[in-house]
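Q: Let me begin by handing over the structure; questions about it come next.
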Amino acid sequence: MNDAILSIRGLRKSFGPTEIMRGVDLELRGAERHALIGPNGAGKSTLFHLISGHLAPSAGEIRFEGQQIAGRTPQAINRLGLARSFQITNIFPKLTVFENIRLAVMRLHGLQYNFWTFIDRDRGIREQTERLLELVRLQARAATVAGEMAYSEQRSLEIAMTLASDPKVILLDEPMAGMSTEETHYTAQLIREVTQGRALMIVEHDMDVVFSLSDRISVLVYGQVIATGTPEEIRGNAAVKEAYLGEEVAP
Amino acid sequence: MRPAIVSLRALALAATGAALLAALPFLLTQGLLNAAIQMLIAALFASAYNLLCGQAGMLSFGHAAYFGVGAFGTVHAMNAVGGAGLLPTPLLPLAGAACGLVFGAIAGWFATQRSGTYFAMITLAIAELVHSLAPHLKGLFGGEAGVSTMRMPAWGLDFGSTLQVYYLTLAWVLVSVGLLYLYTRTPLGRLTFGLRENSHRLRFLGYNVHGLGMLVFALSAMFAGIAGSLQVVSNESANYVVFDPALSAAVVLNTYIGGVKVFLGPALGAALMTFFGYAVSDLTQSWLLYQGILFVLVMMFMPSGLAGLGGTTARLRQRFDLARIVPLVALSVGAALLLSLGGTFAIEMLQRVFSQDYRAMARLQPAGAWPPLQFLGRAWLPAAFATWAVPAALLASGAWLAHLARQRLRALADAESASAAGANAHPSTRLAAHPGGTA
């Protein structure tokens with residue numbers, strides 16, 4: 001029965017006496033789009049930090065394709081095929097947009113300690129970088145210094161960088177924050193396309209996006225998953241209505 | 001077609017520069033040629049340092065350690081095999097490079113465990129460790145007398161003259177700086193900028209940030225080792241004073257005065273400061289004070305360093321036509337000149353008034369009398385108003401010119417934003433925009 005690519009059991013995280021994660025159980029299936037919703041302070045970002053290796057859990061297990069990854073380094077987890085974006089834009093602000101994406105692409109080609117070839121001469125990397133630029137509609141901005149772009153453009157860049165490693169699992173932390181309606185629409189469509197055949201876990205506050213994009217939704221409240229199910233199931237769930245959505249949100 | 005790694009224009013400039021440096025011995029006296037060797041070595045050391053500091057964003061306060069390790073590695077390589085040398089003389093810097101690389105990898109493994117202030121403190125501690133250990137290890141570092149050696153003839157050259165040493169140094173510096181430039185075009189070179197900008201993000205892109213940092217550190221130490229090696233080849237001796245913190249400080253100052261954002265900035269800064277040190281140290285006893293003042297002024301008024309001046313001028317030219325910039329530049333240069341003349345005058349007078357010689361002389365005088373001072377071929381009375389009126393007038397007129405230059409710049413900017421307001425341009429952001437990280 002277990003087709004989960006990422007499975008989390010009894011995950012706990014405390015900061016001093018404060019327990020942020022209070023026994024989270026969650027499964028991400030191989031090719032599903034899974035949204036994580038919950039009120040502010042529920043621990044959504046902390047959960048992302050634990051999965052991606054930014055933080056080590058206090059207890060519990062995180063399995064990626066059956067392998068325990070809890071407490072491993074971010075780079076080790078990334079190399080297994082899990083990439084993430086950040087809630088607060090996390091790019092190389094003084095480098096060009098092209099350079100930002102190229103740095104992300106290089107890793108997949110095994111280029112790290114290489115100082116004997118010239119990067120500009122690597123056609124494969126250049127083409128893949130240009131493909132990603134086109135995908136997130138930033139071709140015209142290739143030579144722009146990333147930190148000087150509009151906030152929503154930086155969010156798009158962040159998505160391109162996350163996709164660069166061709167990951168099996170993508171974690172997106174509020175990718176549409178600060179975007180206009182048109183940009184949100186485009187980005188939602190983009191996420192739908194690029195996550196075809198991959199697993200996506202997304203934290204997002206725009207409920208239209210959440211309900212139209214996701215195959216399943218989990219609701220996180222005070223460090224515990226109180227419900228997981230299809231959008232319809234979540235809409236009809238009484239506990240969720242009470243804890244989070246409120247009557248007026250659910251149609 | 002393969003994309004060009006170095007543009008034709010840059011290549012032409014580099015070739016011209018190399019040709020000029022190669023022609024230098026025909027224009028210089030023996031003494032100046034010796035100074036030129038020191039300038040080249042300092043330029044390479046600063047370029048090596050900037051790989052770590054400017055490109056990777058890791059501020060090391062102890063780079064003298066790697067320079068010194070390269071120096072001692074070389075002196076022992078020269079004395080090995082009964083004085084015949086481990087390597088032929090022209091290849092000796094390889095010994096310095098190897099020692100710098102190995103020691104840099106070890107020290108870098110520790111230092112790059114942390115970043116920012118903690119990294120700086122670890123580099124400082126490692127340098128201090130070597131500095132305090134060196135006098136005790138007489139076998140290795142030769143005690144106070146140091147270790148001396150001889151350059152051996154090789155490849156049909158005797159390396160007996162300054163001229164031959166100059167060309168050997170020049171060749172190694174050009175090749176090393178060239179390699180350091182090409183390095184910036186490699187995957188690791190691009191990741192080095194990534195380390196500076198956001199090492200946290202690199203980690204989540206799958207990179208081993210500690211491994212990268214350690215490798216950059218080791219490479220920087222390797223080139224510093226080559227610089228140390230060249231100094232030993234030139235001096236035919238090595239002394240543990242190379243581990244002195246003053247050398248670590250000098251390379252930081254030179255690098256920043258030159259400008260960390262431009263590839264050749266640190267080399268330029270180091271060459272200029274070494275030259276000034278050479279030229280001025282005979283004229284004044286306050287050279288270190290001037291060096292410090294210069295550093296503070298550069299950091300306050302042009303944080304992008306001397307090399308940043310080129311960029312600023314280019315941006316001004318882009319915005320305004322030449323006819324309006326020339327008076328501005330003339331005013332600024334005039335202000336700088338008057339201010340430095342006034343400042344130098346005041347410092348030199350004060351230095352003489354407070355010197356021990358003068359104090360002793362003053363004590364011999366009847367009470368309250370201040371004997372005249374010799375300065376610039378004239379006698380000045382320290383107690384006379386006229387004496388201090390000279391620097392005061394220089395400083396005041398310099399400040400006036402600086403004020404005028406400022407006003408003019410503001411008027412230009414206002415005029416531009418007024419005319420561009422309709423076109424919806426943002427001159428202020430364009431002025432602030434400083435594209436870094438591409439050098």
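Only the coordinates and a few stated rules stand behind these numbers; no lab work does. Fair warning: this is a prediction, and the values are worked out from it, not measured in the lab. Using ideal geometry, Cβ is built from the backbone for each residue, glycine included, and neighbour counts are taken over all protein chains shown.
Q: Using packing as a proxy for protection, rank B:403-415, A:25-37 so that the peptide with the highest average count of other Cβ atoms within 10 Å comes first. List each step's numbers first, then the result.
A: Values: B:403-415: 14.0, A:25-37: 19.6.
Answer by packing, highest mean first, reads A:25-37, B:403-415.
Q: Other chains' Cβ within 10 Å of A:74-85 residues: what's the mean? Don't skip to the answer; put the middle values down first.
A: Values: counts 9, 10, 3, 3, 5, 4, 1, 1, 2, 3, 2, 1.
The mean count of partner-chain Cβ atoms within 10 Å per residue comes to 4.
Q: Give me Rg over Rh for segment B:8-287, both radii from the alpha carbons and Rh done the Kirkwood way, two decimal places. Provide the component values of the computation, followed by the final result.
A: Values: Rg = 18.4 Å, Rh = 19.0 Å.
Ratio of gyration radius to Kirkwood radius: 0.97.
Q: Is there a quick way to get the dipole size of chain B? I mean about its Cα centre, with the Cβ of Lys and Arg at +1 and of Asp and Glu at -1; what is the value in debye to the nearest 20?
A: On the way: 23 positive and 12 negative charges, 248 e Å.
Roughly 1200 debye, rounded to the nearest 20.
Q: Other chains near A:94-106: what is the mean number of their Cβ atoms within 10 Å of each residue's Cβ? Intermediate results must be reported in sequence, preceding the final value.
A: Details: counts 10, 10, 3, 0, 0, 6, 4, 0, 3, 11, 7, 1, 8.
What the average comes to for A:94-106 is 5.
Q: How high is the FRET efficiency between residue A:15 and residue B:113 when r is their beta carbon distance and R₀ equals 30 Å, given to the nearest 0.05? Write out the running numbers ahead of the final one.
A: Details: r = 23 Å, r/R0 = 0.78.
Efficiency at R0 = 30 Å is approximately 0.80.
Q: I'd like the distance between the alpha-carbon centres of segment B:274-353 and segment A:202-240, rounded to an integer number of Å.
A: 64 Å
Q: Give the residue from B:326, B:413, B:339 lying farthest towards the positive end of the charge dipole for segment B:320-432; charges sit on Cβ (+1 for Lys and Arg, -1 for Asp and Glu) and the dipole is referred to the Cα centre.
A: Checking the options against the dipole of segment B:320-432, the answer is B:339.
Q: Which peptide among B:274-283, A:69-78 comes first, and what is the full order, when sorted by highest mean count of other Cβ atoms within 10 Å?
A: Put in order of decreasing packing, that is A:69-78, B:274-283.
Q: Follow-up. Treating the beta-carbon of each Lys and Arg as +1 and of each Asp and Glu as -1, no other charges, what is the dipole magnitude of the protein assembly as shown about its Cα centre, to the nearest 20 debye? Show your work: numbers first, answer last.
A: On the way: 50 positive and 43 negative charges, 227 e Å.
It works out to roughly 1080 debye.
Q: Same structure, new question: Under a plain spin-label model, where a point goes 7 Å from the Cα along Cα-to-Cβ, how far apart in nm are residue A:109 and residue A:73?
A: Using points 7 Å along Cα→Cβ, the separation is 2.3 nm.
Q: Provide Rg and Dmax in Å for the protein assembly as shown, with only Cα atoms included in the calculation.
A: Cα-based Rg and Dmax for the protein assembly as shown come out at 31.3, 107 Å.
Q: Give me A:58, A:212 sorted ascending by neighbouring Cβ count inside 10 Å, so fewest comes first. Write down the numbers at each step before the final one.
A: Details: A:58 15, A:212 11.
Result, fewest neighbours first: A:212, A:58.
Q: Okay, moving on. Using Cα-Cα distances under 8 Å and only pairs 6 or more residues apart, what relative contact order does chain A have, in percent? Can you show the working numbers first?
A: Values: 457 pairs, mean separation 66.5, N = 251.
For chain A, the relative contact order is 27 percent.
Q: Okay, which of segment B:231-273 sit inside 18 Å, backbone N to the point 7 Å along the Cα-Cβ direction of residue B:336?
A: B:254-262, B:264-273
Q: Right, next: Could you grab the relative contact order for chain B? Cα pairs under 8 Å, six or more apart, rounded to a whole percent. Walk me through the numbers before you get to the answer.
A: Working: 588 pairs, mean separation 94.2, N = 439.
Averaging sequence separation for qualifying contacts and normalising by length gives 21 percent for chain B.
Q: Return the distance in nm (one decimal) between the two label points of a simple spin-label model at residue A:80 and residue B:157, each offset 7 Å from Cα along Cα→Cβ.
A: The two pseudo-label positions are separated by 5.7 nm.
Q: So, one more: Pull out the extension gain between residue B:28 and residue B:132, defined as 0.36 nm times the separation in residues minus the alpha carbon to alpha carbon distance; nm, one decimal. Intermediate values should be presented prior to the final figure.
A: On the way: separation 104, 0.36 × 104 = 37.44 nm, distance 3.90 nm.
Gain in length upon complete extension: 33.5 nm.
Q: How far, in nm, would the chain grow between residue B:11 and residue B:351 when pulled straight, counting 0.36 nm per residue and subtracting the alpha carbon separation? Kindly include the intermediate steps, with their values, before the conclusion.
A: Working: separation 340, 0.36 × 340 = 122.40 nm, distance 4.68 nm.
117.7 nm is the gain from fully extending residue B:11 to residue B:351.
Q: Turning to a different aspect of this structure: Please compute the modelled spin-label separation between residue A:121 and residue B:314, points set 7 Å along Cα→Cβ, answer in nm with one decimal.
A: Those two pseudo-labels are separated by 2.5 nm.
Q: I've got another one for you. Could you give the length gained by full extension between residue B:4 and residue B:386, i.e. 0.36 nm per residue of separation minus their alpha carbon distance, to one decimal place? Please list the in-between numbers first.
A: On the way: separation 382, 0.36 × 382 = 137.52 nm, distance 6.28 nm.
Difference between extended and current length: 131.2 nm.
Q: Can you give the helix-only mean residue ellipticity at 222 nm for chain B, where every DSSP H stretch with n ≥ 4 adds -39500 (n - 2.57) and the sum goes over all residues, rounded to the nearest 500 deg cm²/dmol?
A: On the way: 17 runs with 305 residues, N = 439.
Using -39500 (n - 2.57) per qualifying helix, the result is -23500 deg cm²/dmol.
Q: Restricting the count to DSSP beta bridges whose residues both fall in the protein assembly as shown, what percent are antiparallel, rounded to a multiple of 5?
A: Working: 28 of 44 bridges.
So the antiparallel bridges amount to about 65 percent of the total.
Q: Let a ≥ b ≥ c be the square roots of the eigenvalues of the Cα gyration tensor of segment B:242-380; is it rounded (a/c under 1.5), or, if not, prolate (a/b larger than b/c) or oblate? Before the final figure, lay out each step's value.
A: Working: a/c = 3.57, a/b = 1.67, b/c = 2.14.
The shape class here is oblate.
Q: Here's another thing I want to ask about it. Can you tell me the relative contact order of segment B:320-432? Whole percent, Cα pairs under 8 Å, sequence separation 6 or more.
A: Worked out over segment B:320-432, it gives 34 percent.
Q: Here is a further query. Assuming R0 = 45 Å, what is the FRET efficiency of residue B:125 and residue A:181, from their Cβ-Cβ distance, to the nearest 0.05?
A: On the way: r = 55 Å, r/R0 = 1.23.
So the FRET efficiency works out to roughly 0.20.
Q: Compute from the Cα atoms of segment B:320-432 the Rg and the Dmax, the latter being the longest Cα-Cα distance, and quote both in angstrom.
A: Calculated on Cα positions, Rg and Dmax stand at 22.5, 75 Å.
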